[in-house]
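Since the structure comes first, as structure tokens, the remarks are kept for the end.
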Amino acid sequence: MGEILVLIEHANGRIRKPALELLTLARRLGTPAAVVLDGGDAAADLADQAGEYGATTVYVSDAPEFAHYLTAPEVDALHQIVRASEPAAVLIPSSADGKETAARLALRLDSGLITDAVDLEMDESGPVAVQSVFAASYEVTSQVTHGTPVITVKPNATAPQPAPTSHRTEKITVQFSPAATRTEIVSRTPRTASARPELMEAAIIVSGGRGAGGPEGFTVVEELADALQGAVGASRAAVDAGWYPHTHQVGQTGKQVSPQLYLAAGISGAIQHRAGMQTSKVIVAVNTDPEAPIFDLADYGVIGDMLTVLPQLTERLATPTH
């Protein structure tokens, strides 16, 4: 089996969960190899973490271009590594930045591109990707037929599984193209610190909708999410009404998530919202309308007012069991 390159997303000296998932999936396809860019002083530690999840080779590159310019420097680095190592595939997390990087890389390589895979397997022709399409109404399998497959994979496609192995670190000096410095980052605003997981990476999400009745109704959503150690989501209706920040919107025009558990509270289940969460492993709905479309999708449903039901569930979670 050939080498499978995995682009490592990292923050604060730790590999982010979606990248650990990719290393786990890469072991199904071949021999995992990690690409760590802009690791700085944490590069060696990041390489060790990648080795804990099966990477036998870790390509490391540090340059100011990675921090000061958008996307193109990463593409230059990946392009150079792919040309040198000739991997069987390149796996990239399905974040906004990841999908742009993947598209640019596929174009440079004159290769096929698959985005938003939810599972990966290998057959005699190469990697096979499973995708949810048409607002997750259908599941299809796709395969790149030309060039080195470049595939982005949604978070929560699999559970990260350690597989410690010895690894070698190869330092790469990237020859940057003129395009690498055409779009410069001129300022940054630190993200507000939160104990909750990232919405797109969370294994558990509690989302509120019109049934919250107003911004104060999201207090019960937040309390339940915290009790479950999950993230908070919101429907488009709630976001448009100004009840919760746009960054938490789940749906076709918001973020597409695929957690292990998705609890939709006071959300009717319009197709726009369903398109963003239908691939969740287990869906629980709470709604006062027994005819709400969300119940057609839910694995479990509660007919009731979310402002009454959610606090009871939070209280139950806080009660010790014997």
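Okay, here's what the table says:
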read-out	value
Residues satisfying the stated conditions in the range 303-320, i.e. free of Cβ contacts under 8 Å to residues at least 60 places away in the same chain and surrounded by fewer than 19 Cβ atoms within 10 Å (Cβ to Cβ)	Ile303, Gly304, Thr308, Gln312, Glu315, Arg316, Thr319, Pro320
Breaking point among (1) in contact with a strand residue (DSSP E or B) (Cβ under 8 Å, 6 or more places away or on another chain); (2) part of a helix (DSSP H, G or I), for Asp226	(1)
Subset of the range 259-281 [assigned to a loop (DSSP other than H, G, I, E, B) and either in the same structural domain as Asp119 (by TED's automatic domain parsing) or at pLDDT below 90 (or both)]	Gln278, Thr279
Thr152 outside any loop (DSSP other than H, G, I, E, B) and of a type outside the set (Phe, Trp, Tyr)	yes
Single match in Gly276, Gly266 (criterion: small (Gly, Ala, Ser) and without any contact (Cβ under 8 Å) to a residue 40 or more places away in the chain)	Gly276
Selected residue (criterion: nearest to Leu37 (Cα to Cα)) from residues of the range 62-117 that are acidic (Asp, Glu) and not in a helix (DSSP H, G or I)	Asp62
Given (1) crowded, with 21+ Cβ neighbours inside 10 Å; (2) in contact (Cβ under 8 Å) with a residue 60 or more places away in the chain; (3) under 14 Å from Ala203 (Cα atoms), number of the condition Leu228 does not satisfy	(1)
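Results for (1) surrounded by fewer than 15 Cβ atoms within 10 Å (Cβ to Cβ); (2) free of Cβ contacts under 8 Å to residues at least 40 places away in the same chain; (3) in contact with a His (Cβ under 8 Å, 6 or more places away or on another chain); (4) not aromatic (Phe, Trp, Tyr), shown as yes or no for each residue.
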{"residue": "Val174", "(1), (2), (3), (4)": "no, no, no, yes"}
{"residue": "Ala180", "(1), (2), (3), (4)": "no, no, no, yes"}
{"residue": "Ile185", "(1), (2), (3), (4)": "yes, no, yes, yes"}
{"residue": "Arg188", "(1), (2), (3), (4)": "yes, yes, no, yes"}
{"residue": "Glu201", "(1), (2), (3), (4)": "no, no, no, yes"}
{"residue": "Ile204", "(1), (2), (3), (4)": "no, no, no, yes"}
{"residue": "Gly209", "(1), (2), (3), (4)": "no, no, yes, yes"}
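Every residue, every condition in (1) farther than 22 Å from Ala157 by Cβ; (2) among the basic types (Lys, Arg); (3) outside the structural domain of Arg83 (by TED's automatic domain parsing); (4) in contact with a His (Cβ under 7 Å, 6 or more places away or on another chain), yes or no:
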| residue | (1), (2), (3), (4) |
| --- | --- |
| Arg16 | no, yes, no, yes |
| Leu20 | no, no, no, no |
| Leu25 | no, no, no, no |
| Arg28 | no, yes, no, no |
| Asp48 | yes, no, no, no |
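The values are calculated or read from the model by the stated rules, or taken from the named source; none is laboratory data. All of these numbers come straight from a predicted model, not from anything done at the bench. Cβ coordinates were reconstructed from backbone atoms using ideal geometry, including for glycine residues, and neighbour counts include every protein chain displayed.
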